[in-house]
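The next block holds one structure in the form of structure tokens; read it before the comments.
The values are calculated or read from the model by the stated rules, or taken from the named source; none is laboratory data. Since the model is a prediction, treat every value here as computed from it, not as a measurement. Cβ placement follows ideal geometry from the backbone for every residue including glycine, while neighbour counts extend to all protein chains displayed.
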Amino acid sequence: MRQLRRDFIKERWVVISSERGKRPLQFPEQSRYRPRGDPSTCPFCPGNENMTPPQVYVVEGDGGWKIRVVPNKYPILSPGEDGERIGEIPFISAPAKGVHEVIIESPSHFDTIGSMEPFQVLLILKTYRERLKDLKGKYPFAMVFKNRGPEGGASLSHPHSQLIASGFLPDSVERELRVFEEFRERGICPVCLLMNREVESERLVFQTENFAVFCPYFSAFPFEVWIVPKKHLPAFEEAEGPLLEELAGVYRKTMGALDRALDFPSLNMMLRSRPFSGGKYHWRMEIIPRLTKPAGFEWGAEVFVNIVPPERAALELRRNL
Ligand SMILES: [Zn+2]
Ligand SMILES: [Zn+2]
């Protein structure tokens with residue numbers, strides 16, 4: 001069976017192809033995340049701190065640092081790019097102003113979120129919160145994300161995530177804010193609406209008191225998983241300690257299940273939160289294992305073809321909790 005499903009949050013169609021998903025799940029070996037590189041020459045390993053730009057934030061613990069945040073050596077956006085927007089409409093250019101940081105998630109080169117101590121995962125989440133709080137008011141928008149493995153776009157295998165704050169709102173974010181506004185006029189939040197339905201469905205992976213973990217109805221990628229706070233919370237940086245503690249366990253459990261089900265896939269994690277410039281929102285973590293490659297039709301038509309129905313993905317993940 002092939003079915004079109006509407007992603008009413010990103011406003012796009014997804015093709016769910018369950019016929020192809022009936023085949024045994026086999027994904028290419030090169031998409032796996034395997035820790036590689038030599039800790040003695042890894043710029044993120046303890047002892048090599050001089051190989052990164054000076055840290056902007058650190059969490060110290062017994063026997064050394066537990067987390068370091070450093071400016072990206074090859075930033076996409078940088079604070080130094082200043083000046084005016086120039087050019088005549090529609091040929092506009094502007095300085096690529098922003099902040100691009102690397103969050104070194106652990107001193108251990110071979111750690112994964114799924115295998116770390118829960119306390120270490122909590123430190124990572126608290127670091128996200130502190131960095132976001134610090135950048136709030138300085139930039140209109142920021143996003144925390146994680147690239148893991150060759151297909152996830154990671155150039156270093158040491159566990160790390162990244163944060164980009166930008167001087168502009170990405171078009172996709174503006175579009176999403178408009179969707180939230182349209183739903184608000186009907187008295188609902190689109191993420192609450194989705195979550196309330198998914199917790200009652202076979203797409204639920206697991207839930208805790210304050211979080212729902214599910215493969216959304218309109219998953220664009222095989223094994224796409226969302227971690228959503230059950231309460232309507234707009235901004236991640238406003239999350240309080242106990243909630244982050246619960247999230248640390250939930251995030252760790254989810255990543256562990258993905259690693260067991262898919263043998264350490266390359267992946268991306270995006271922490272979506274309300275832009276600093278405001279608007280209606282509901283924060284969440286979206287995780288997409290990079291098992292298949294979007295190709296011509298996906299890029300050309302912006303219609304994603306998902307060969308593993310989310311119902312099946314959720315079942316596999318539940319088996320691997
Ligand atoms: Zn390392
Ligand atoms: Zn909501």
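In a residue-by-residue description of region 89-102, the property of being within 22 Å of the chain's Cα centre (by Cα), within 16 Å of ligand 1 (Cβ to nearest atom) and within 29 Å of Leu244 (Cα to Cα) applies to at least one position. Only one of the numbered conditions (1) surrounded by fewer than 22 Cβ atoms within 10 Å (Cβ to Cβ); (2) without any contact (Cβ under 8 Å) to a residue 60 or more places away in the chain; (3) not in a loop (DSSP other than H, G, I, E, B) is violated by Pro234, and that is (3). When Pro43, Pro75, Pro71, Pro53 are checked against the criterion of being within 16 Å of Gln162 (Cα to Cα), without any contact (Cβ under 8 Å) to a residue 24 or more places away in the chain and more than 16 Å from ligand 2 (Cβ to nearest atom), Pro53 stands alone in meeting it. Within region 187-205, residues that are under 15 Å from Lys280 (Cβ atoms) have Cβ atoms under 7 Å from residues that are part of a strand (DSSP E or B) in these pairs: Val191/Val228; Val191/Arg284, counting only partners at least 6 apart in sequence or on another chain.
Once region 177-193 is narrowed to residues that are under 24 Å from Glu240 (Cβ atoms) and out of contact with any Lys or Arg (no Cβ under 6 Å at 6 or more places or on another chain), the residue that is surrounded by the fewest Cβ atoms within 10 Å (Cβ to Cβ) is Cys192.
Restricting attention to region 256-274, the residues being closer than 15 Å to Tyr128 by Cβ and assigned to a helix (DSSP H, G or I) number 0.
Looking only at residues of region 78-109 that are touching a residue at least 60 places away in the same chain (Cβ under 8 Å), more than 17 Å from Leu163 (Cα to Cα) and not aliphatic (A, V, I, L, M), we find that the one that is surrounded by the fewest Cβ atoms within 10 Å (Cβ to Cβ) is Pro95. Taken over region 144-176, residues that are modelled with pLDDT of 95 or more and either surrounded by 20 or more Cβ atoms within 10 Å (Cβ to Cβ) or in a strand (DSSP E or B) (or both) amount to 16.
Tell me, yes or no, whether region 120-143 has at least one residue that is part of a strand (DSSP E or B), surrounded by fewer than 20 Cβ atoms within 10 Å (Cβ to Cβ), in contact with a Gly (Cβ under 8 Å, 6 or more places away or on another chain) and hydroxyl-bearing (Ser, Thr, Tyr). Within region 120-143 (the criterion being part of a strand (DSSP E or B), surrounded by fewer than 20 Cβ atoms within 10 Å (Cβ to Cβ), in contact with a Gly (Cβ under 8 Å, 6 or more places away or on another chain) and hydroxyl-bearing (Ser, Thr, Tyr)), the answer is no, since none of the residues qualifies. Residue count for region 131-175 satisfying the condition of being in contact with a Lys or Arg (Cβ under 9 Å, 6 or more places away or on another chain), of a type in the set (Lys, Arg) and within 24 Å of Pro275 (Cβ to Cβ): 1.
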